[in-house]
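Q: Just dropping this structure here.
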Amino acid sequence: MTENSSGLVHGLYRDGAPIADHKAPAGPIEQKWTRRKFEAALVNPANRRKMSVIIVGTGLAGGAAAATLGEAGYHVKSFCFQDSPRRAHSIAAQGGINAAKNYKEDGDSVQRLFYDTVKGGDYRSRETNVYRLAEVSANIIDQCVAQGVPFAREYGGLLDNRSFGGVQVSRTFYARGQTGQQLLIGAYQALERQVAAGTVEQFTRHEMLEVIVDGEGSERRARGIIARDLVTGEIETHLADAVVLASGGYGNVFFLSTNAMGSNVTATWRAHRKGAHFANPCYTQIHPTCIPVAGEHQSKLTLMSESLRNDGRIWVPKKREDCDKDPRDIAEDDRDYYLERIYPSFGNLVPRDIASRQAKNVCDEGRGVGPVVGDFRRGVYLDFADAIARLGEDAVRNKYGNLFDMYARITGEDPYTTPMRIYPAVHYTMGGLWVDYDLQSTIPGLFVTGEANFSDHGANRLGASALMQGLADGYFVLPNTIRDYLATSPATPLTEDSPAVVGARREVEERTERLLAINGERSVDSFHRELGNIMWEYCGMERSEEGLLKAIDLIRGLRAEFWRNVRVLGAADTLNQSLEKAGRVADFLELGELMCIDALHRRESCGGHFRAESQTEDGEALRHDDEFAYVAAWEFTPPHDTDGETTFGAGMGAPVLHKEDLTYEFIELKQRSYK
Amino acid sequence: MNLTLKIWRQTGPDDTGGLVTYRMSDISPDMSFLEMLDVLNEKLNANGEEPIAFDSDCREGICGMCGLMISGHAHGPERTTTCQLHMRSFKNGDTITVEPWRAEAFPIVRDLVVDRGGLDRIIQAGGYISANTGSAPDAHATPVPKDNADRAFMAAECIGCGACVAACPNASGMLFLGAKITHLGELPQGQPERDARVVSMVGQHDHEGFGGCTNVGACSQACPKGIPQDVISQLNKDLRTALKHGR
C-alpha cells in the first residue's frame, strides 16, 4: 500500500509501534499456565472483600467470572442490559462445548485440541492463549457437572459426546440443542448464589456507556464505569479497582445476524475510544446453517446448530432449471452434494468459513433454492432423508427434535418430510479488544473476556469453542490473572468529583442530550439496516479493495447523516428503547469503518476473512504468512477538532496500526487443507 | 393481511394506563409477531408518536425476555414464545389485544414491559448447587442414570419467561419453582441441599407475592417449553419430605 505525504497509508491509517504480550512466561508451552498461576501475586482472603471488580455482561464469560470472584471473596458489581443475567446471549448457543477429556478414547488430547484450534483459526491466533484454553477445557466440564448442568448422557449414566464441525474426534459435550442455555443457567445460578451471599451486587437493566480511566501514560488505570439505569434513565457512576468487559461480540453491525436484538459493541467501543486497542475487527464468522431471509421485515436471523451437519447432507441441484422444483422430485443423479464432492475427507463437516463460502458460490452460480430474495435464490438444501432411513425418524427426532420444531415454526415447512433450506449468516466475531496473556487490555485494570476479546480463535472459530472460551476465561483464567493486578497495582483514591469521573459523566450526558435533540426524519432502525446492508455487501463473505473503499465512503456519509437526521423520540429520564438503540447504532457506525479499514489493510485471505484478490486458482483462500502473520491491534485517534466543541459524528481520526507478530514455536505453520 | 390492534399503553408505574387502538395493513403472514410490532413502531416514530415499549432479545425462543398477553393468552394462540409466534397464526381482519403480563409480583415498568426480578430472587433463595469453581471432581466420578438426567434436562428447559405466572388465575409461580426443584432434585449433585432448597425457595416465592397453586393447569398449557404440571407435584413432595425432616 502507498503512504502519502501526511503519513497515512491508503489515506486511511498510520503505522505505529509493534505490540507484544509480555505476560506469558518463558518455557515449554505445557508449563506456561502453571507457571503464570504460580507467579501471579496473591491477595490475602481478608483483603479481598475490600477490593471491588466491575463486570459488564452476564453471559458465560461475565457470569462465570462474577460468580467465581464472588466465591473468592471480592466485592463484585455485575451489570447487564437485560432484565435478568440469565438472558445473556450465550443462552442461544445450541450445539455444544468442546473439552479434551478423551472420554471416547479416540485419540483426543490437550495437544490435539490446541492443534485443531490453531489450525481452525487459520494460524492467526496466539499459541500460548490457545494452549491454555485447551488445557483448562476439561475442568470446565467437571465444574458444570458439579453445578448440575444436565448434559446428555448414555444409558450407563456417563456423559455422551459428539463430533462437531471441522474436527475428527468426538469431544463435544452437549445438552440436546440447548447447550448454551444449560451452561448459562449453571453460571447464572452460581452468580445468584453469590448475590444471596452478598459478595455480588447485581445491576440489571443497566447499560455501560463509558469507562472511567484515571491517570496519564503508564499511570493510566481503568477505575470504573458510567452506566445508565435503563428504567429510570439515571446516569450512575460506579467505581472499582478493576473493570472487566464481558459484553460479547459485535455481529449486529450487520443488522441481520444471529445475535440477540440488544447485542452491541458499546462497552468495548467506548473502551476503545478511551485507549484500548481493538484487534482484528474484520474477522467475522459467517455461520453456514441459518434459516434463509424470508423478506424485508426480517429483524434477525436464526441459526440452527451446525451439529445438523453431522447427519444432514448439503446439496443443490446440478442444473439451474431444477432450482424451483420440489426437492423430493430431483433425482439423486441430478443433485450436487458439493461439500462431499470438493472435500472428500471432511465432507459436510468442513469448517464454517468454507461451508459458508461454498454455499455462496453455488448460489452465485444460480443454483440456489427457495424464494427469490432481491435478485436471486439464497439457499441450499440440508437433507435428512438418508439419516432418517439409516437411523429412523425417532432417533433423528431425539437428537435434533427442537431444531426441527424451530425450523418448522419459522418457515411453516416440515423438515422430516422435505429438506431444510439453509444460508449463511453473521454469527460470531473473532475480533475484539486486544488483550495479553492475562486478558488485560492496553488500559491497565481493564480486562476483557469471552467474545469481547480477540484472543483465542484467530481468523476463524471452530464449532463448540465459543462456550469453551467463555467459561475458560470466566471460571479459570481471569480469576487467576486479575488477582496479580489487584495485588500489585497501587490503589489511589478516586472520588466522584475527580476530573476523570466528571469528564466521563459529562460525555455520556452530552451524548444522550444530543441524540434526543436532533429530531430528524429517519428512525434509528433505518440507519442500522442501511449500515447492515453496506457491511454485508462489502465486508461480508467476500471482500475486495474496491468494495471496501466504497463501503468506507458510504459509512462516513451515513454516520454524518445519522447525527444530523436521526429521530429519537421520548425523554432521557424514563425507559426509552429508541434512545438505547440510537446509542448502540452510533457506535456501530464507527466500528463499521474500522472493520473495513482492517479488512482493506489485510490483503490476504485467512479464516473468515476472504479477500477476492487473494485466492488460489481453484478459488481457495490464500494466506500470506510472510506479510500478515500478525495480530492487527488498532489504536483510536480522536477526530480533528477544529472548533473546540465536541464533534459528534465526525467519529474518528485515522487509526494507528500496532502489529503483534505471531510466532509459531509449537505448531508448524501450514496452508490449511480440508480436502 | 389487515389487523386491528388494541395495545396497552402506560407511561410508567404510576400511570393508570389503557388500551389504544392501532390499525395495521399489509402484514405478511411470514412476519413474527414482534416484527409486526417493529413495523408499527416505525410507523409511530414517523408520525411523531413514541414507540411502544416491549421486551425481546434473542428472538429465537430461548432467552425468555419476551412475553405478551395476546388476546388473553400468554404468548398468544400457539404454544411458543411471543418471538416465535408468526402472523400466519392470525386471520385477515382479526382484532388482537396486546397486554403485559398481569401479576402483582410483576409490576409494570412501561407499556408492555414488566419487572420479573422476583424470579431471580427465588433462584437466589436456593435455586443452585453450591459448587465453588475449582472444587469439582471429575465429571465421570458420579454416573447419573439416563432417566434422571433426562428428567432433569426436561425441567431445566424452563426459560424463566413468566408465562406460567401470567396464565395462572392466582398468579402462581409454582411451575417455575417446581421446574427448578425438579431439575436439581433429579441429580445426585443436588441432594445435599435438597431439603433446605425447597423450604427457602417456597418461602421466597410467597414473599414475592406470587399466589399458591390452585391446580388449574393453565401454567403448563401456556409454557412455551411444555414443562409438565407434575413438577408441582414434585415440589409439594419435596416440601413435605423436607418438613418431615424438620427443616
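Q: Residue by residue through segment A:285-298, what is 3J(HN,Hα) from phi via Karplus (6.51 cos²θ - 1.76 cosθ + 1.60, θ = phi - 60°)? Round to whole Hz and write x for glycine and proline.
A: Coupling constants for segment A:285-298: 9, 9, 8, x, 10, 10, 6, x, 4, 9, x, 5, 7, 3 Hz.
Q: Kindly report, to the nearest 10 Å², the accessible surface of A:ARG193 as traced by a 1.4 Å probe over protein heavy atoms only.
A: For A:ARG193, solvent-accessible area is about 40 Å².
Q: Still on this structure: Efficiency by 1/(1 + (r/R0)^6): what FRET value for B:HIS207 and B:LEU243, r their Cβ-Cβ distance, R0 = 22 Å, to the nearest 0.05?
A: After rounding to 0.05, the efficiency reads 0.80.
Q: Taking every residue in A:492-500, how many Cβ atoms of other protein chains lie within 10 Å of its Cβ, on average?
A: Mean shielding by partner chains, rounded to a whole number: 0.
Q: Further, regarding this structure: Under the Kirkwood approximation for Rh and a Cα-based Rg, what ratio Rg/Rh is obtained for the protein assembly as shown?
A: 0.94
Q: Now a separate question. Rounded to the nearest 500, what is the protein assembly as shown's calculated 222 nm mean residue ellipticity when only DSSP H runs of at least 4 contribute -39500 (n - 2.57) each, over all residues?
A: Computed ellipticity for the protein assembly as shown at 222 nm equals -10500 deg cm²/dmol.
Q: Let me ask another. What accessible area per residue, rounded to a whole number of Å², is obtained for segment A:71-159 using a probe radius of 1.4 Å?
A: Per-residue accessible area for segment A:71-159 comes out at 24 Å².
Q: Leaving ligands, DNA and RNA out of it, report the carbon-plus-sulfur percent of the accessible area of segment A:130-225 at a 1.4 Å probe.
A: After summing per-atom areas, the C and S share lands at 42 percent.
Q: I'd like to know which of B:PRO224, B:LEU40, B:THR214 lies farthest towards the positive end of the charge dipole of chain B, counting +1 on Cβ of Lys and Arg and -1 on Cβ of Asp and Glu.
A: B:THR214
Q: Size of the dipole of segment A:470-595 about the Cα centre, Lys and Arg at +1 and Asp and Glu at -1 on the beta carbon, nothing else charged, in debye to 20?
A: Dipole size: approximately 160 debye.
Q: Once phi is turned into θ = phi - 60°, what whole-Hz ³J(HN,Hα) does the Karplus curve with 6.51, -1.76 and 1.60 give for every residue of segment B:166-171, x standing for Gly and Pro?
A: With coefficients 6.51, -1.76 and 1.60, one gets 5, 7, 6, x, 10, 6 Hz.
Q: Quick one: check the C-alpha center-to-center distance for segment A:61-104 versus segment B:205-247, whole angstrom.
A: About 28 Å separates the Cα centre of segment A:61-104 from the one of segment B:205-247.
Q: Averaged over peptide A:291-304, how many Cβ atoms belonging to another chain are found within 10 Å of each residue's Cβ?
A: Average per residue, whole number: 4.
Q: So for segment A:516-640, averaging the separation of alpha carbon pairs under 8 Å that are six or more residues apart and normalising by length, what relative contact order in percent results?
A: Here the relative contact order equals 29 percent.
Q: Who wins for biggest fluctuation among B:MET174, B:MET69, B:MET87 in a Gaussian network model of chain B, springs between alpha carbons below 10 Å?
A: B:MET87
Q: Here's a follow-up. As a test of the definition: with a 1.4 Å probe, what buried accessible area, both sides summed, do you compute for B against A, in Å² to the nearest 100?
A: 6100
Q: Looking at the square roots a ≥ b ≥ c of the eigenvalues of the Cα gyration tensor of segment A:405-559, which shape do they give, rounded for a/c under 1.5, prolate if a/b is larger than b/c, or oblate?
A: Oblate, since a/c reaches 1.5 and b/c is not below a/b.
Q: Carbon-plus-sulfur fraction of the accessible area of segment A:20-127, 1.4 Å probe, in percent?
A: After summing per-atom areas, the C and S share lands at 53 percent.
Q: Which residues of segment A:113-151 show a drop of at least 20 Å² in accessible area when all protein chains are present, compared with their chain alone (probe radius 1.4 Å, heavy atoms only, ligands and nucleic acids excluded)?
A: The answer is A:ASP142, A:GLN143, A:VAL145, A:ALA146, A:GLN147, A:GLY148, A:PRO150.
Q: A further question follows. Give the ranking of B:LYS180, A:LYS37 by solvent-accessible surface, highest area first, calculated with a 1.4 Å probe.
A: The ordering from most to least exposed comes out as A:LYS37, B:LYS180.
Q: Right, another one. Determine the per residue accessible area of segment A:516-640 with all protein chains present and a 1.4 angstrom probe, expressed in square angstrom.
A: Here the per-residue accessible area is 35 Å².
Q: Same structure again: For segment A:101-221, calculate the relative contact order in percent as a whole number, restricting contacts to Cα pairs under 8 Å that are 6 or more residues apart.
A: The value is 19 percent.
Q: Same structure again: With every protein chain present, what accessible area does A:ARG126 have (1.4 Å probe, heavy atoms only), rounded to the nearest 10 Å²?
A: Number for this one is 20 Å².
Q: Same structure, new question: With contacts defined as alpha carbon pairs under 8 Å and 6 or more residues apart, what's the relative contact order of chain B in percent?
A: 19
Q: At 1.4 Å probe radius, can you tell me the per residue accessible area of segment B:3-104 in Å²?
A: On a per-residue basis, 39 Å².
Q: Run the accessible area of segment B:3-104 with a 1.4 Å probe and give the carbon-and-sulfur part as a rounded percent.
A: It is 45 percent, rounded to a whole number.
Q: Classify segment A:287-426 as rounded, prolate or oblate from the Cα gyration tensor: take a ≥ b ≥ c as the square roots of its eigenvalues, call it rounded if a/c is under 1.5, otherwise prolate when a/b beats b/c and oblate if not.
A: rounded
Q: If you don't mind, another one. Looking only at B:ALA141, B:ALA218, B:ALA46, which one moves most when chain B is put into a Gaussian network model with springs between Cα atoms under 10 Å?
A: Among B:ALA141, B:ALA218, B:ALA46, the largest GNM mean-square fluctuation belongs to B:ALA141.
Q: Rounded, prolate or oblate, given the Cα gyration tensor of segment B:3-104, with a/c below 1.5 counting as rounded?
A: Here segment B:3-104 falls in the rounded category.
Q: Counting only protein heavy atoms, probe 1.4 Å: which residues of segment A:71-88 lose 50 Å² or more of accessible surface in the full assembly compared with their chain by itself?
A: So the qualifying set is A:GLU71, A:ASP83, A:ARG86, A:ARG87.
Q: Out of the DSSP beta bridges found with both residues in the protein assembly as shown, what percent are antiparallel (nearest 5)?
A: Antiparallel: roughly 70 percent of the beta bridges in the protein assembly as shown.
Q: For segment B:50-80, state which residues have at least 50 Å² less accessible area in the presence of all protein chains than in their chain by itself, taking the probe as 1.4 Å and leaving out ligands, DNA and RNA.
A: Flagged in segment B:50-80: B:ASP57, B:ARG59, B:GLU60, B:ILE62, B:CYS63, B:MET65.
Q: Note down the magnitude of the dipole of chain A about its Cα centre, charges +1 on Lys and Arg C-beta and -1 on Asp and Glu C-beta and zero elsewhere, to the nearest 20 debye.
A: Taking the Cα centre of chain A as origin, the dipole is about 1200 debye.
Q: Related question: Skipping prolines and chain starts, which residues have an amide H placed within reach, meaning under 5 Å, of the one on A:VAL435, given they are 5 or more residues away or on another chain?
A: It is A:PHE454, by chain and number.
Q: Using a Förster radius of 51 Å, what is the FRET efficiency between A:GLU216 and B:GLN221 based on their Cβ-Cβ separation? Nearest 0.05, please.
A: Once rounded, the FRET efficiency stands at 0.25.
Q: Let me ask another. Assuming R0 = 25 Å, what is the FRET efficiency of A:THR492 and A:ALA41, from their Cβ-Cβ distance, to the nearest 0.05?
A: 0.90
The values are calculated or read from the model by the stated rules, or taken from the named source; none is laboratory data. All values derive from a computational prediction rather than experimental measurement. Cβ coordinates were reconstructed from backbone atoms using ideal geometry, including for glycine residues, and neighbour counts include every protein chain displayed. Side chains included, ligands, DNA and RNA excluded: accessible areas come from the protein's heavy atoms. Shrake-Rupley method; radii C 1.70, N 1.55, O 1.52, S 1.80 Å.
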